[in-house]
Protein chains: 2
Amino acid sequence: MTPAADDPIRVAVSTVIFSVRTREDRDVLMIPLVRRTRDPFVGSWALPGGWLASDEGLGLAAGRTLAETTGLAPSWLEQLYTFGDLDRSPSRVVSIVYWALLRSDLVEAQREAVDAPENVAWFDVDDLPQLAFDHRHIIDYAVWRLRNKAGYSRIAAGLLPDEFTLAELRAVYETVLGRRLDPSNFRRLLEGSEALVPTERFRTGSHRPARIFRYNSEVELADLGPLGSS
Amino acid sequence: MTPAADDPIRVAVSTVIFSVRTREDRDVLMIPLVRRTRDPFVGSWALPGGWLASDEGLGLAAGRTLAETTGLAPSWLEQLYTFGDLDRSPSRVVSIVYWALLRSDLVEAQREAVDAPENVAWFDVDDLPQLAFDHRHIIDYAVWRLRNKAGYSRIAAGLLPDEFTLAELRAVYETVLGRRLDPSNFRRLLEGSEALVPTERFRTGSHRPARIFRYNSEVELADLGPLGSS
């Protein structure tokens, strides 16, 4: 059913929020999805989101609808793309999609305030269920952008707690990129970086002690150019 | 005046279309702007654009409104960002903005079919007039994205005719980036590239003959990932 030229256009906001979670002893790049409780696509999984209100900005709407549906508050939020194909929904809906990162240490703490938590579940981005609308296409694009951006920025740090060892940082990059990285090359590349600040503390345990680092908070996770100051 | 939560939200589409044009013997990165003939901002310059129709896709709407206001058809069109701040317009308008490139040899050919061509003018991106709405901010971001992208893709080729010499290619990069590039470094970097196909023809004139190249059309100007196939 094709809409007519002057049919109403509704504006929605959705968010693809990534976190690294441990599943069966393995770190996995995951996103939360919300099971739809009404048509269209009742019973299918969909991205967290909702309608844009006239009196809220786009990023605020992304944060609000994410909190309302999943109880999560992102550590990084950035606009991804606006999807508006005619056939993506029975009526004409333009979806402004954000992508977000959630620090792994904050996932479990943020489950209060969700009405129906049984309708929210986390999924491996490489093993997704049946999805409503064009949300599979949207997620594919978000994963591609995250992997791409991880290659030239320190965006993956948005998935880590404040402090971490180089091995932990490498592990999160490996999970995002989906491939192993050479430990000594990785160390060489990162140790000279101004963005990484060594602390005087060490992680001890079954391995030899590993120095704990934190990120220099004066360096942005990614350069948004003129948007950064808006 | 802040809109109420359930006021209507209107969706507009605008395009920042770049071309390299010669001004007083100098190549300049320029964009066309349209003078507004009604309020708000009557008399100010604005980006070409218009309202999204319910029965057209976003990219098609960008192309249509660009053609209607300026008569131009882009050689490259890509979604830039969606702007939706509350105070960007007296009523609530969300603008999905595209950025585009126009080959320098096609600018003059495309001026038919514009109702009021005296309301369209080209401006140096570094010397813009007073702009309506948040269009100055939008253009700043588009210029930043183009310059950024020119650093890691062959996007600037979208500003050139089908065939060109290495000196012409370097000149367009210099104009986009706003700085001089070393001729021998540039030649070394580009000559080995698979994207560049040498022809057996040469440009002759006041300088020594220069080989004419064309781009390998099987290589995309920029990688759009999963969006490229949509």
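Does any residue in region A:206-230 that is in contact (Cβ under 8 Å) with a residue 24 or more places away in the chain come within less than 7 Å, Cβ to Cβ, of a residue that is of a type in the set (D, E) and part of a loop (DSSP other than H, G, I, E, B) six or more places away or on a different chain, and which pairs are these?
As it stands, the answer is A:R214/A:D162; A:V219/A:E194, since those pairs meet every condition given.
Yes or no: region B:81-94 includes at least one residue that is more than 11 Å from every other protein chain (Cβ to nearest Cβ) and either crowded, with 22+ Cβ neighbours inside 10 Å or farther than 22 Å from B:M30 by Cβ (or both). Talk me through it step by step, then tell me what you get.
Just the residues of region B:81-94 that are more than 11 Å from every other protein chain (Cβ to nearest Cβ), to begin with: B:89-90.
Those still in the list that are either crowded, with 22+ Cβ neighbours inside 10 Å or farther than 22 Å from B:M30 by Cβ (or both) too: B:89-90.
Within region B:81-94, one or more residues are more than 11 Å from every other protein chain (Cβ to nearest Cβ) and either crowded, with 22+ Cβ neighbours inside 10 Å or farther than 22 Å from B:M30 by Cβ (or both).
If you take the residues in region A:13-33 that are β-branched (V, I, T) and closer than 12 Å to A:R103 by Cα, which one is surrounded by the fewest Cβ atoms within 10 Å (Cβ to Cβ)? Before the answer, list the steps.
Within region A:13-33, the first condition is being β-branched (V, I, T), and the residues that meet it are A:13, A:15-17, A:20, A:22, A:28, A:31.
From the residues that got through so far, the ones that are closer than 12 Å to A:R103 by Cα too are A:17, A:20.
Values: A:I17: 25, A:V20: 21.
Selected residue: A:V20.
Looking at region B:60-79 only, could you name the residues that are within 11 Å of chain A (Cβ to nearest Cβ), closer than 23 Å to B:V143 by Cβ and more than 14 Å from the chain's Cα centre (by Cα)? Can you show your working first?
Kept after step one, since they are within 11 Å of chain A (Cβ to nearest Cβ), are these residues of region B:60-79: B:60-62, B:78-79.
In the following step, the residues that additionally are closer than 23 Å to B:V143 by Cβ were identified as B:61-62, B:78-79.
Once the filter is applied, which keeps residues that are within 11 Å of chain A (Cβ to nearest Cβ), closer than 23 Å to B:V143 by Cβ and more than 14 Å from the chain's Cα centre (by Cα), region B:60-79 yields only B:A61.
Before we move on, is B:A53 surrounded by 17 or more Cβ atoms within 10 Å (Cβ to Cβ) and part of a loop (DSSP other than H, G, I, E, B)?
Working: surrounded by 17 or more Cβ atoms within 10 Å (Cβ to Cβ): yes; part of a loop (DSSP other than H, G, I, E, B): yes.
Against the criterion (surrounded by 17 or more Cβ atoms within 10 Å (Cβ to Cβ) and part of a loop (DSSP other than H, G, I, E, B)), B:A53 qualifies.
Based on what the data block shows, is B:P161 more than 14 Å from chain A (Cβ to nearest Cβ), out of contact with any His (no Cβ under 7 Å at 6 or more places or on another chain) and within 30 Å of B:F41 (Cβ to Cβ)?
Numbers: more than 14 Å from chain A (Cβ to nearest Cβ): yes; out of contact with any His (no Cβ under 7 Å at 6 or more places or on another chain): yes; within 30 Å of B:F41 (Cβ to Cβ): no.
When the stated conditions are applied, B:P161 does not pass them.
Quick check: anything in region B:114-135 within 12 Å of another protein chain (Cβ to nearest Cβ), touching a residue at least 12 places away in the same chain (Cβ under 8 Å), touching a Lys or Arg at 6+ places or on another chain (Cβ under 9 Å) and part of a loop (DSSP other than H, G, I, E, B)? Can you show your working first?
Pass one, region B:114-135, residues within 12 Å of another protein chain (Cβ to nearest Cβ): B:134.
Now drop any that are not touching a residue at least 12 places away in the same chain (Cβ under 8 Å), which leaves B:134.
Subset that is touching a Lys or Arg at 6+ places or on another chain (Cβ under 9 Å): B:134.
From what is left, the residues that are part of a loop (DSSP other than H, G, I, E, B) are B:134.
Yes: region B:114-135 contains one or more residues that are within 12 Å of another protein chain (Cβ to nearest Cβ), touching a residue at least 12 places away in the same chain (Cβ under 8 Å), touching a Lys or Arg at 6+ places or on another chain (Cβ under 9 Å) and part of a loop (DSSP other than H, G, I, E, B).
Counting only residues that are surrounded by fewer than 18 Cβ atoms within 10 Å (Cβ to Cβ) and modelled with pLDDT of 95 or more, which one in region B:60-76 is nearest to A:F83 (Cα to Cα)?
B:L60
If you check A:V42 against the conditions, is it closer than 22 Å to B:A12 by Cβ, out of contact with any Pro (no Cβ under 7 Å at 6 or more places or on another chain) and of a type in the set (V, I, T)? Outline the logic, then answer.
Working: closer than 22 Å to B:A12 by Cβ: no; out of contact with any Pro (no Cβ under 7 Å at 6 or more places or on another chain): yes; of a type in the set (V, I, T): yes.
Answer is no for this residue.
Which members of region A:182-230 meet the condition of being assigned to a strand (DSSP E or B) and closer than 30 Å to B:H135 by Cα?
none
The values are calculated or read from the model by the stated rules, or taken from the named source; none is laboratory data. The shown structure was predicted, so the numbers you read here are calculated from the model rather than taken from an experiment. A quick note on method: Cβ atoms are made from the backbone with ideal geometry, for glycine too, and the neighbour counts reach across all protein chains shown.
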